[in-house]
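Participant: After the structure tokens below, expect a handful of questions from me.
The values are calculated or read from the model by the stated rules, or taken from the named source; none is laboratory data. A quick note: this is a predicted structure, and the numbers were derived from the prediction, not measured. Please note: Cβ atoms are built from the backbone with ideal geometry, for glycine as well, and neighbour counts cover all protein chains shown. For the accessible areas, the whole protein counts, side chains as well, though only heavy atoms, and no ligand, DNA or RNA atoms are used. Shrake-Rupley method; radii C 1.70, N 1.55, O 1.52, S 1.80 Å.
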Amino acid sequence: MAGCSAFERDADGQTSQLDDDAARALATRFAPTLYFDVHEPWFPTDPRPYTSERDGETLVTGFDAFDGYHERYRDGSPPDPTVFYRAVEYEDSPLAVVQFWFYSVFDQFTTNFHWHDWEVLHVFVDTETGDPQLHVASSHSRMVPNNEFLDPDPEQVPRILVELGSHSSTLSVNDVPDRFQRVAIEDLLADITNTALEGIEDLADLELPLAYGLPRDEGSRLPYLVPEYDGAPIYDHERLPSVTRESLIDDDLTVRSYDALTSPPTGLPTRETGLVFGHHERQGEADTDVEYDLVPSSEIEHIAAFTGPQLSFEFAVPDVVEDAMAGHITTTGTPWSQPRYENPAADISVPNHRTTLADRYDAIGEAAPINTVVARLTETITADDAPENEGLTTTETALESVVLLESDPEAVPTFGGVAVVQDVPAGEHRLTVNGAGRAPHSERVSVTDDGTPTAAGVGGEIPLVARNESTKLELMGENASTALSTVAVEDDFAGRLYESSVEGNDAVYVHAGGAYTTEVRDGDDAVGAYRVNPSPEAESTVRIERPETGKAPLSEFVADIADETRLAVAAANGNDDDDDGDEDGDNDSSNAVEGLERALAAVVEAARRAAERARDSEQAGADRQLETVAERLQRVEKRLAAASDDLPQSLSNATRNRLAQADQRTEQARAAEKL
């Protein structure tokens, strides 16, 4: 169903099959060259040797195909290298399409695995000029844009770079045939003409074309999973005597548990070209290792189904999630039961490609808007300019992750650290991100009904945390005095890292080396804030038991962050004296650092008094104390300027950042109507 939008696009015209000679001529002309990964175990083959009869129907069972393929592969040559083709033309139109269907006996990937696998390449051709108009190579699912190229060179044979294990297909049209090029560089063409992201200001620098591409060919690391059946790895099953551990993706590329890894795996190999398949009737392809047969797909349309039982993940996954994803860990349907078999234009996933073809051919309907959720995933690490374990920054990630919209449980992989989920129905969704050795991330995302891209995370960024550096921060919203609407988490140095609407309780994994402000808002947009500074040595969950909004919690936050900073300044000055000094912090001191410490102590005292007045329902008294807090924060800024040279630079940086938080929350408290 790839390319089918959640919106109603204009209808495409009807198709009819080309006659055998015309279909064969198109198939021979455009028969692609296929480049496989050096670790690929399952090449395109013919399923007919593995058919069986049941209740008058012809089937291909997963056990028969999987075991039979490896039994016949023992001589070192992939058995029955075959590509199936079908050619149709749109009625009353000079537009034809030749489809190339590739069958593999198994699919093993980082987001899914299943018996059997069908992938397809569509070549749209103008029958009057003979020129190809568009190549569409199938990607992982309808929720990930296909890899497409508009107006390819008529003289060039299509080339497909096949992803390891999953057989997702990308295109190669430039002068480096076995490497994927996402964007044009000097004289080297891009291998896709998919459009870049538009409409999200925060991601304006993300100029990458939206397509899955081939992450391991672009320098990204992609860990694979090992499927399980009946509580054991699939290669141990008695009905698969010819399948061994060596029959699956290589150990160097696989992880046996996301949870068991304390940090993201390193050293995963990137893509390297292995076998190259070419059509045996084409001459002059010197780099071809294996010649395949071209067979009309009509010769296998008698197969009613490709069957197989549901597989499992080796590590713990809730049954409800595994069942919801059953379609992605079980088997695949027949090509001839899919809409794109009769109407290849249903597979066009890039709106501007459909629009271009619609301008040229009446048979192609106009594009409809597509709702897209997008985010850039990053790694959270400690910041060099922060005190030890009290400040963070984010950096690019080289390890791909898995993204799941729980409203439509079809997991999709990232590419280059970019998460894209398209054809998303309007409404509220929960987006979950997981990765090997990383703590999971989950948030609520609101998608509008106008086709405008939706940025997940904060400004389109979702920072992930290594599992061994994470602390779980829980917000017990069910205990709140008023229903909360949103929650956000900010680090002193990295800024806002998490923001999500909330109903009841919420939780987020944060880096243990950060220092955080947790902000909550209720349905009236009243604000509350809480200071969270986890210890890297502590293993317990940090919990905000009874979140509140209004003057009191905001004032208490200002007191907490000011006192935390005062203690750090005192420690840097070697001063263990807890004497808060005079109320106004006006003691002249030869020690500028001591003057800063006393000024902070004055803020703490005034903020605590403001909180007490608010809790006693004394609004006027609380507001007077908050005015005092604001004045004393200004004095702290002056004291900090005088003391900066006598403090470690990292502490000066942290104090400056915390003062900005204190100023913001003080102003929110002064403006708050709720006590």
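Participant: For the chain, what does the accessible surface come to per residue with a 1.4 Å probe? Please give it in Å². Can you show the working numbers first?
Facilitator: Values: 26520 Å² over 675 residues.
Roughly 39 Å² per residue, with all protein chains present.
Participant: Among bridges DSSP assigns within the chain, what percent are antiparallel (round to 5)?
Facilitator: Within the chain, antiparallel bridges account for around 80 percent of the total.
Participant: Between Ser540 and Glu428, take the C-beta separation as r, use R0 = 25 Å, and let me know the FRET efficiency to the nearest 0.05.
Facilitator: Result of the calculation: an efficiency of 0.20.
Participant: Using only Cα atoms, figure out Rg for the chain and give it as a multiple of 2.2 N^0.38 Å.
Facilitator: 1.15
Participant: For Thr262 paired with Ala196, estimate the spin-label separation in nm (one decimal), with each label point 7 Å from Cα along the Cα-to-Cβ line.
Facilitator: Placing both labels 7 Å along Cα→Cβ, they lie 4.2 nm apart.
Participant: How do the peptides 103-110, 289-296 rank, highest first, by the average count of neighbouring beta carbon atoms within 10 Å per residue?
Facilitator: Final packing ranking: 103-110, 289-296.
Participant: Go ahead and run the numbers for FRET between Asp362 and Ser446, Cβ-Cβ distance against an R0 of 45 Å, rounding to 0.05.
Facilitator: Once the sixth-power term is evaluated, E becomes 0.75.
Participant: Within segment 22-117, list the GluC sites (Glu not before Pro) lying in a DSSP loop whose Cβ has at most 16 other Cβ atoms in a 10 Å radius.
Facilitator: Answer in residue order: Glu91.
Participant: Sticking with this one: Report the full-extension gain for the segment Ala507 to Glu474: residue separation times 0.36 nm, less the Cα-Cα distance, to one decimal in nm.
Facilitator: Net length gain for the segment: 11.4 nm.
Participant: With n ≥ 4 as the cut-off for DSSP H runs, can you work out [θ] at 222 nm for the chain, using -39500 (n - 2.57) per run divided by the number of residues, rounded to the nearest 500?
Facilitator: Here the helix-only value at 222 nm equals -6500 deg cm²/dmol.
Participant: Sticking with this one: Accessible surface of Asp506 in the full protein assembly, 1.4 angstrom probe, to the nearest 10 Å²?
Facilitator: We get 20 Å² for Asp506.
Participant: Further, regarding this structure: In segment 101-179, what GluC sites (Glu not before Pro) fall in a loop by DSSP, with at most 13 other Cβ atoms inside 10 Å?
Facilitator: Glu128, Glu155
Participant: Distance between Cα centroids, segment 19-58 to segment 616-652: provide it in whole Å.
Facilitator: What the calculation gives is 73 Å, centre to centre.
Participant: Around Thr486, which amide H atoms from residues at least 5 apart in sequence, or from another chain, sit under 5 Å from its own amide H, with H modelled in the peptide plane?
Facilitator: Distant-sequence amide H within range of Thr486: Val502, Arg521.
Participant: Using label points projected 7 Å from each Cα along Cα→Cβ, tell me how many nm separate Ser407 and Glu128, to one decimal.
Facilitator: So the label points at Ser407 and Glu128 sit 4.4 nm apart.
Participant: If you don't mind, there's one more thing I want to ask. With the full set of protein chains in place, find how many percent of the accessible area of segment 1-146 is carbon and sulfur; take the probe as 1.4 Å.
Facilitator: Numbers: 1940 of 4880 Å².
Carbon-and-sulfur percentage of accessible area, whole number: 40.
Participant: Rounded to the nearest 0.05, what FRET efficiency do Leu59 and Gln17 give with R0 = 25 Å and r taken as the Cβ-Cβ distance? Could you check? Display every interim value, and only then the final one.
Facilitator: Values: r = 25 Å, r/R0 = 1.00.
The value I calculate is 0.50.
Participant: Can you tell me how much longer the chain between Asp384 and Asn591 gets when fully stretched, taken as 0.36 nm per residue apart minus their C-alpha distance, in nm with one decimal?
Facilitator: Full extension from Asp384 to Asn591 adds 71.8 nm.
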